[in-house]
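Enquirer: Below is one structure. I have some questions about it.
The values are calculated or read from the model by the stated rules, or taken from the named source; none is laboratory data. Please read all numbers here as calculations on a predicted model, not as lab measurements. With ideal geometry, Cβ positions are generated from the backbone for all residues, glycine too; neighbour counts draw on all protein chains shown.
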Amino acid sequence: MDLLQNIPFFSILLSLFSGTVTSMVNGKWAKRINAFIITVIMAMSGVLLFYLLGTKESYTFMMGHFPAPWGNEIRAGVLEALMALFFCIIMLLSLIGGREHLEKEIAPSKQNLYYILVNLLLSSLLALIYTNDLFTAYVFVEINTISACGLIMIRQNGHTFEAAVRYMIMSLLGSGLLLLGICILYDCTGHLLMSNIKSSVIIMAATGNYHVPLVVAIAFICVGLAIKSALFPFHSWLPNAYGYSTASSAAILSSLVSKGYIFLLIKICYRVIGWEVILSSKVIHILFLFGLCGMIMGSLSAISENDIRRMIAFSSVAQIGYIYMGIGLGTLEGMTASVYHILSHAATKSLLFIAAVGLTDASGQSKKFIDLTGAAYRNKPAGVAFTVGALSMVGIPGFSGFISKLLFSTACIQNTPYKMLPTLICLGISTILNAIYFMKTVIRIYTPVKSPYDNIPVKKSFRYVGALVCFVILNIVLGMCSTPIVSMIQMGLKMFS
Amino acid sequence: MSKLRDEESYKKTKAYSFFRWYRGEKDPFLGEVEMQAGHPYKDKRTAEELMQEKEAIMDRVYDIGHNKEIKFFKTVYGIISVIFCLALTFVLLLMVSYSPKTGNPGNPNENEVPVRYIENGLQETGAVNIVTGMILDYRAFDTLGESHVLFIATITVFILLRIDKDEKGKEKDREEANDRNYEPKNDAILQVIAVIIVPLIIIFGIYVILNGHLSPGGGFSGGAIIGAGLILYLNAFGFAKTERFFTEKTYKIICFCSLSFYCLAKSYSFFTGANHLESGIPLGTPGAILSSGLILPLNICVGLVVACTMYAFYALFRKGGF
Amino acid sequence: MGFGPNLSANYAEAVSVILFAIGFTNLLLQKNLIKKIIGLNIMDTATYLFLALKGYIQGRVAPIVVDGVQEVEAYINPIPGGLVLTGIVVSVSVSALMLSLTIRLYRRYHTLDLDEISTLLKKEEN
């Protein structure tokens with residue numbers, strides 16, 4: 001066995017272990033350990049990606065001395081490695097970009113706790129990406145939920161507590177459904193390992209045994225994960241959680257936490273239930289419908305919002321709608337577009353959150369649009385970065401958002417007509433609405449007016465600007481060099497089945 | 001007839017105090033238990049004014065008195081809740097009616113997996129208790145995640161409820177958080193019972209942890225028992241006594257040591273397992289207390305973490321730190 | 001679609017799923033935070049009951065090797081037991097987190113009603 005194949009196991013255990021170590025040190029060292037660990041895992045994931053691109057084969061890794069159906073197992077393919085690499089990059093940049101705020105908004109004695117949460121969040125994300133066992137997935141979903149709740153409420157004020165309670169309630173409903181779904185699947189198939197469940201499910205679908213429990217289990221797992229990733233009707237916790245938590249938390253939550261659940265859902269669709277069974281169970285049409293509703297309703301709420309952070313949060317609702325719409329199309333192209341949109345949305349949304357913080361800094365910490373007028377002149381890097389993010393969200397060629405919209409439209413043109421028309425119409429409406437609220441914001445921050453905040457100097461640290469520049473580069477790279485990434489995604493999805 | 005005592009010497013006997021207590025003339029708590037009156041309410045407004053304000057808020061939120069629509073909405077909300085519950089029940093019952101029969105030996109989950117656990121578990125893990133062998137050896141990755149769930153939950157409770165000692169201006173918060181201020185202290189009955197029962201509880205907990213691979217129980221149940229013993233001790237004797245041997249620092253050190261040992265031990269066994277190397281950990285004779293390889297030390301680690309976590313939860317909920 | 005053939009044989013599972021539905025509805029629709037947490041615990045416990053029933057096999061005993069008997073016919077399925085053990089710890093952690101959040105909200109707003117808290121928050125903002 002190649003030594004490089006130990007990388008997934010090593011990165012999960014390393015981040016878990018660093019969480020424990022961080023509890024013993026103060027905030028300063030916690031920060032350094034955290035940055036070091038994320039960088040190491042990022043480098044390792046990059047190496048793994050190259051290795052897998054070379055071998056062109058996924059492999060499973062035994063967690064312990066016992067082979068597949070008896071022991072735990074993790075699995076790595078191109079898509080998993082790509083996601084791990086990407087999540088590490090986003091997490092590192094979000095933490096660096098929001099660091100000043102983090103140090104200001106969190107009590108010094110609680111800063112090391114923040115980094116514990118981040119380390120364990122990273123480990124749970126990696127475990128969700130790599131796992132090949134449903135119950136392991138459930139355990140790490142819970143770690144993910146609890147640490148995300150911690151990230152929301154560590155900036156202690158009434159809004160974040162309320163948001164954290166709402167988030168926990170919705171997440172717990174989701175976890176309850178997910179756990180019951182896993183139990184039912186276990187009951188019908190007798191396995192917890194993804195590949196073994198899949199072979200049993202295929203036999204069950206062929207013979208028609210236990211049809212009702214299977215459909216109920218699929219529905220529960222899909223709805224549970226959809227609730228957890230804030231699909232449209234279950235998004236009530238989202239605006240406050242993203243709007244009032246500290247900037248790094250908002251960036252990490254919007255770009256990584258919900259994406260982790262979506263990735264798990266995609267993995268379950270392919271590796272546990274099997275694509276044909278999912279398609280025949282009709283559950284996917286529900287996700288499709290909710291996705292379409294989310295695309296429109298999220299954008300409408302964002303237009304009527306008067307607070308820049310909450311506006312970006314509502315835009316997240318719309319983007320999650322896009323991702324579910326892509327999954328709901330039920331084709332390989334739709335799925336590719338969804339996975340690409342996970343990447344592109346993660347890169348753009350974290351950029352927007354970090355840039356918005358710079359703009360509010362230049363406007364006396366006010367998040368209201370009226371105070372933000374002309375903010376781009378007071379904090380030029382943040383203004384430019386925000387504009388890039390907005391253009392990417394709207395879908396201007398050259399940025400990452402354009403490619404995902406292109407992929408979505410090509411995917412739905414190849415689809416059956418009764419799904420193609422509503423999708424195209426919704427895509428069009430949603431893009432126009434997107435353009436309205438993002439362009440409104442960009443025009444406002446570039447309106448040259450005299451403002452009471454003109455003479456207040458804005459501290460632009462090197463770290464902040466550096467993070468913004470990296471984010472912008474990431475966006476442009478995703479937009480310009482999309483072909484290799486799309487082919488990697490397609491290769492990874494093929495490895496799934 | 002015995003010699004009658006005079007009243008003075010009779011008053012000193014136990015019989016006298018017993019009959020006085022029996023007749024209800026004496027309060028056994030008075031003068032024995034240290035009672036402390038609650039702090040007077042600092043807010044100058046009277047209780048009535050506060051109630052009025054609360055009612056005003058309730059009015060504004062629900063507006064039950066005036067707004068028929070909201071009342072209607074509340075009724076509809078109740079009805080919809082019941083319908084939702086019934087619909088969910090129906091779907092689940094439908095699912096249950098089609099799922100395999102309970103207790104039937106030929107169910108789908110009776111496959112090769114439990115067969116190997118039962119038939120070879122003793123030889124492969126060395127644990128007599130098959131469930132322990134399963135969760136700490138076959139499926140150890142889940143259990144590793146699970147102990148970190150406990151760890152991260154404590155961290156979030158720390159974030160929410162810990163009141164830092166060195167921060168100024170937090171005296172009021174500390175007062176408010178410490179609800180031991182409002183209850184009687186040094187209850188003689190509780191203390192006597194605790195002296196007898198706490199050592200027994202803790203010894204039982206240790207027994208359950210150490211025999212986790214031989215009998216029902218293990219790290220989690222034993223840890224919870226020890227945690228309960230510590231909480232009882234805390235209730236009887238107060239924070240001043242427990243803080244002599246258990247503070248936040250102790251908690252951190254115990255948690256750190258146990259979880260790191262757990263992580264490292266399991267990393268070693270995952271690594272050797274995946275790369276097909278010999279782990280070199282002897283399994284011992286099944287049934288002996290020092291057997292089954294890593295399971296006993298792991299059970300001890302898990303037990304320590306769980307006991308400390310239970311105590312930490314309680315202390316944080318009661319006082320905001322320990 | 002009618003009910004299947006196994007409803008009467010699975011009466012214990014039926015009880016557990018009814019409890020699950022009750023807990024789920026409480027968690028979703030109750031307004032009082034403490035009642036929500038009670039709903040959460042009912043829901044989790046019902047799932048564990050469901051899971052424990054899945055491991056039970058008539059006439060067999062708990063999976064602890066006695067007198068060296070290692071036949072499959074002697075013991076029940078050990079896997080659901082292990083899963084329940086894991087699940088219980090998760091539910092303890094989550095309840096502790098929810099309760100501490102409730103304590104903080106109650107200290108600040110002196111109410112357990114989530115809608116009321118939202119109203120007070122809006123009032124605070126203006």
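Enquirer: Return yes when B:TYR138 is crowded, with 19+ Cβ neighbours inside 10 Å and either in contact (Cβ under 8 Å) with a residue 60 or more places away in the chain or more than 7 Å from chain C (Cβ to nearest Cβ) (or both) and no when it is not.
Expert: For B:TYR138, the condition - crowded, with 19+ Cβ neighbours inside 10 Å and either in contact (Cβ under 8 Å) with a residue 60 or more places away in the chain or more than 7 Å from chain C (Cβ to nearest Cβ) (or both) - is met.
Enquirer: Further question on the same structure: Checking C:VAL66 against (1) part of a helix (DSSP H, G or I); (2) without any contact (Cβ under 8 Å) to a residue 40 or more places away in the chain; (3) within 9 Å of chain B (Cβ to nearest Cβ): exactly one of these is not met. Which one?
Expert: In the conditions (1) part of a helix (DSSP H, G or I); (2) without any contact (Cβ under 8 Å) to a residue 40 or more places away in the chain; (3) within 9 Å of chain B (Cβ to nearest Cβ), C:VAL66 misses (1) alone.
Enquirer: With at the interface with chain A (Cβ under 10 Å from one of its Cβ atoms), touching a His at 6+ places or on another chain (Cβ under 9 Å) and surrounded by 18 or more Cβ atoms within 10 Å (Cβ to Cβ) as the only criterion, which of B:SER291, B:SER269 stands out?
Expert: Within the list B:SER291, B:SER269, the selection yields B:SER269.
Enquirer: Take the residues of the range B:106-130 that are among the β-branched types (Val, Ile, Thr) and in contact (Cβ under 8 Å) with a residue 60 or more places away in the chain: which is farthest from the other protein chains (Cβ to nearest Cβ)?
Expert: Among those residues, the one meeting the criterion is B:THR125.
Enquirer: Here's something else I'd like to know. Find the helices (runs of 4 or more DSSP H) located wholly in the range A:203-274 whose residues include 2 or more that are among the aliphatic types (A, V, I, L, M) and out of contact with any Phe, Trp or Tyr (no Cβ under 8 Å at 6 or more places or on another chain), and list them.
Expert: A:211-228, A:258-267
Residue-by-condition table, conditions (1) facing chain B (nearest Cβ under 10 Å); (2) small (Gly, Ala, Ser); (3) out of contact with any Asp or Glu (no Cβ under 9 Å at 6 or more places or on another chain):
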{"residue": "A:ARG166", "(1), (2), (3)": "no, no, yes"}
{"residue": "A:LEU173", "(1), (2), (3)": "no, no, yes"}
{"residue": "A:HIS191", "(1), (2), (3)": "yes, no, yes"}
{"residue": "A:THR207", "(1), (2), (3)": "no, no, yes"}
{"residue": "A:VAL216", "(1), (2), (3)": "yes, no, yes"}
{"residue": "A:ALA219", "(1), (2), (3)": "yes, yes, yes"}
{"residue": "A:ALA226", "(1), (2), (3)": "no, yes, yes"}
{"residue": "A:LEU238", "(1), (2), (3)": "no, no, yes"}
{"residue": "A:ALA247", "(1), (2), (3)": "no, yes, no"}
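Enquirer: Give me a count of the residues in the range B:227-278 that are in contact (Cβ under 8 Å) with a residue 12 or more places away in the chain and in a loop (DSSP other than H, G, I, E, B).
Expert: Looking only at that region, the number is 3.
Enquirer: Take residues that are within 11 Å of chain B (Cβ to nearest Cβ), under 30 Å from A:ILE273 (Cβ atoms) and hydrophobic (A, V, I, L, M, F, W, C) and tell me which of the helices (runs of 4 or more DSSP H) falling wholly in the range A:41-144 contain 1 or more.
Expert: A:111-130
Enquirer: Being touching a helix residue (DSSP H, G or I) at 6+ places or on another chain (Cβ under 9 Å), surrounded by fewer than 22 Cβ atoms within 10 Å (Cβ to Cβ) and free of Cβ contacts under 8 Å to residues at least 60 places away in the same chain is the filter here, so list the residues in the range A:372-394 that pass it.
Expert: Within the range A:372-394, A:THR387, A:VAL394 meet the criteria.
Enquirer: Sort out which residues of the range A:1-24 are at the interface with chain B (Cβ under 10 Å from one of its Cβ atoms) and either hydrophobic (A, V, I, L, M, F, W, C) or at positive phi (or both), and write them in order of number.
Expert: Once the filter is applied, which keeps residues that are at the interface with chain B (Cβ under 10 Å from one of its Cβ atoms) and either hydrophobic (A, V, I, L, M, F, W, C) or at positive phi (or both), the range A:1-24 yields A:MET1, A:LEU3, A:PHE9, A:PHE10, A:ILE12, A:LEU13, A:LEU14, A:LEU16, A:PHE17, A:VAL21, A:MET24.
Enquirer: Pick from the range A:188-202 the residues that are under 17 Å from B:GLU112 (Cβ atoms) and over 29 Å from the mean Cα position of the chain (by Cα): which of them is surrounded by the fewest Cβ atoms within 10 Å (Cβ to Cβ)?
Expert: Checked the range A:188-202; the qualifying residue surrounded by the fewest Cβ atoms within 10 Å (Cβ to Cβ) is A:SER199.
Enquirer: Moving on. Taking the range C:22-32, which residues are buried (at least 22 other Cβ atoms within 10 Å of the Cβ) and over 8 Å from the mean Cα position of the chain (by Cα)?
Expert: C:PHE24, C:THR25, C:LEU27
Enquirer: Moving to a separate point now. Return the only residue of B:ASP59, B:ASP43 being in a loop (DSSP other than H, G, I, E, B) and at pLDDT below 75.
Expert: B:ASP43
Enquirer: Same structure, new question: Kindly indicate which of A:PHE66, A:PHE10, A:PHE36 is without any contact (Cβ under 8 Å) to a residue 60 or more places away in the chain and more than 28 Å from A:TYR340 (Cα to Cα).
Expert: Going through A:PHE66, A:PHE10, A:PHE36 in turn, just one is without any contact (Cβ under 8 Å) to a residue 60 or more places away in the chain and more than 28 Å from A:TYR340 (Cα to Cα): A:PHE66.
Enquirer: Still on this structure, I have one more. Can you go through C:VAL17, C:VAL84, C:VAL94 and tell me which one is modelled with pLDDT of 90 or more, more than 9 Å from chain B (Cβ to nearest Cβ), part of a helix (DSSP H, G or I) and surrounded by 17 or more Cβ atoms within 10 Å (Cβ to Cβ)? Let's see the steps before the verdict.
Expert: On the way: C:VAL17 fails: more than 9 Å from chain B (Cβ to nearest Cβ); C:VAL94 fails: more than 9 Å from chain B (Cβ to nearest Cβ).
It is C:VAL84.
Enquirer: Just give me the residues in the range A:446-466 being surrounded by 12 or more Cβ atoms within 10 Å (Cβ to Cβ) and farther than 17 Å from A:THR360 by Cα, in sequence order.
Expert: A:ARG463, A:GLY466, listed by residue number.
Enquirer: Please pick out the residue among C:TYR11, C:TYR106, C:TYR56 that is at the interface with chain B (Cβ under 7 Å from one of its Cβ atoms) and among the aromatic types (Phe, Trp, Tyr).
Expert: Step by step, each of C:TYR11, C:TYR106, C:TYR56 is checked, and only C:TYR56 is at the interface with chain B (Cβ under 7 Å from one of its Cβ atoms) and among the aromatic types (Phe, Trp, Tyr).
Enquirer: Ok, one more. Could you list, in sequence order, all residues of the range A:471-490 that are in contact with a Gly (Cβ under 9 Å, 6 or more places away or on another chain) and surrounded by fewer than 17 Cβ atoms within 10 Å (Cβ to Cβ)?
Expert: Within the range A:471-490, A:ILE476, A:MET480 qualify.
Enquirer: Among the listed residues B:GLY303, B:GLY284, B:GLY321, identify the single one that is modelled with pLDDT of 90 or more and more than 10 Å from chain C (Cβ to nearest Cβ).
Expert: Testing whether each residue is modelled with pLDDT of 90 or more and more than 10 Å from chain C (Cβ to nearest Cβ) leaves just B:GLY303.
Enquirer: Restricting attention to the range B:228-249, does a residue exist that is farther than 20 Å from C:GLY81 by Cα, of a type outside the set (Asp, Glu) and within 14 Å of chain A (Cβ to nearest Cβ)?
Expert: So far as the range B:228-249 goes, yes, one or more of its residues are farther than 20 Å from C:GLY81 by Cα, of a type outside the set (Asp, Glu) and within 14 Å of chain A (Cβ to nearest Cβ).
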